[in-house]
Amino acid sequence: MVDHQVAIERITADFKRWQELLDLIHVSFAYMQGVVDPPSSAFALDENALREKALSEIAFVALARGELVGCMFCREEDDALYVGKLAISPSCQGQGIGTRLLEMAMDLAREHDLPALELQTRIELVANHAYFESRGFFRSGEGAHAGYDKPTWIWMRKRLAAKS
C-alpha cells in the first residue's frame, strides 16, 4: 500500500529540522547496532555534519501530517545517482514511503541523464538486499571498509529506462 498522505519534499537551505532529521536516521538505523561491523556511519553524524551532507547532496524528506517519517540523500557518481541514508521511521515501514522516495531518485537520475541508481548495503543486512532486489536492483559488486580483509558491503544497481 502506498501512502499518498505523505508529502515528499526536497531539503532546501531554509530547512530547520536538523535534530529531528538526525533522530529519524538514528531510530531508523538502530536495528543495525550490534549487527553490522563496522558500525553504521549514520551514528557518526551530528547536526552540523547532517546539514552539510544535505546541502552538498540532493536530499529529500517524507512528511506525514507534518511529522518527518523518511529521508533520502542522493549524489551523482560516475554514471549513476547514488542513493544513501534512505531511512523510514520504523512505525511507517511497509507503507510505500521507501518506494516513493526511490521513485523520486529515479526521476532525478533521468533528469540528470543518468542510466542507473546505485547504493551500498551491508553484507549482514540480507532483508535489505531482498527489499532492493524486489525494486529492481541487482548485486553489482562488493567492498570492504578500511582495515577489513573480507567484504563488509555490497553495491546494488538498478538500470533505468530512458526518459520518454
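What follows draws every value from the coordinates through simple rules; no lab data is involved. Keep in mind the model is a prediction, meaning the values are calculated, not measured. As a convention, Cβ positions derive from the backbone with ideal geometry for all residues, glycine included, and neighbour counts pool all protein chains shown.
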Restricted to Cα positions, what overall size does the range 1-59 have along the principal axes? Three whole-Å values, descending. 34, 33, 18
For the chain, take every pair of Cα atoms, bin their distances at 5 Å starting from 0, and report each bin as a whole percent. 1, 8, 17, 21, 22, 17, 9, 2, 0, 0
Extension gain from Ala146 to Lys16, taking 0.36 nm per residue of separation minus the Cα-Cα distance: 43.4 nm
Estimated inter-spin distance, Glu9 and His112, nm [label 7 Å along Cα→Cβ]: 2.3
Do the sum for the chain: with -39,500 (n - 2.57) for every DSSP H run of n ≥ 4, divided by all residues, what is the mean residue ellipticity at 222 nm, to the nearest 500 deg cm²/dmol? -8500 deg cm²/dmol
Over 21 Å between C-alpha atoms is what I'm after, so list which of Lys85/Lys158; Lys53/Lys150; Lys16/Lys158; Lys53/Lys158 land there. Lys53/Lys150; Lys16/Lys158; Lys53/Lys158
Two pseudo-spin positions, 7 Å from Cα along C-beta at Arg75 and at Arg135, lie apart in nanometres by 2.0
If a helix is a whole DSSP H run, which ones in the chain reach 20 Å or further along their own axis (Cα) and hold a mean Kyte-Doolittle hydropathy of at least -1.0? 97-111
Enumerate the amide H contacts of Ala59 below 5 Å, restricted to partners 5 or more residues apart or on another chain; note that Pro and chain-start residues carry no placed amide H. Ile11, Cys74
Quick one: net charge of Glu142's neighbours, Cβ under 11 Å, K/R +1, D/E -1? +3
How much length would be gained if the chain were fully extended between Arg159 and Gln33, taking 0.36 nm per residue of separation minus their Cα-Cα distance, in nm to one decimal? 42.3 nm
What list of ³J(HN,Hα) values in whole Hz, one per residue of the range 57-63 in order, does the Karplus curve 6.51 cos²θ - 1.76 cosθ + 1.60 (θ = phi - 60°) give from phi, with Gly and Pro shown as x? 10, 9, 10, 10, 10, 10, 10
Residue order, fewest to most surrounding Cβ atoms within 10 angstrom, among Cys74, Cys92: Cys92, Cys74
Sum of side-chain charges, Thr152 neighbourhood, beta-carbon under 11 Å (Lys, Arg +1; Asp, Glu -1): -2
State the answer as a single residue: which of Ala42, Phe73, Met156 lies farthest towards the positive end of the charge dipole of the chain, with beta carbon charges of +1 for Lys and Arg and -1 for Asp and Glu, about the Cα centre. Met156
Run the numbers on the chain and let me know its relative contact order in percent, using alpha-carbon pairs under 8 Å that are six or more apart. 20
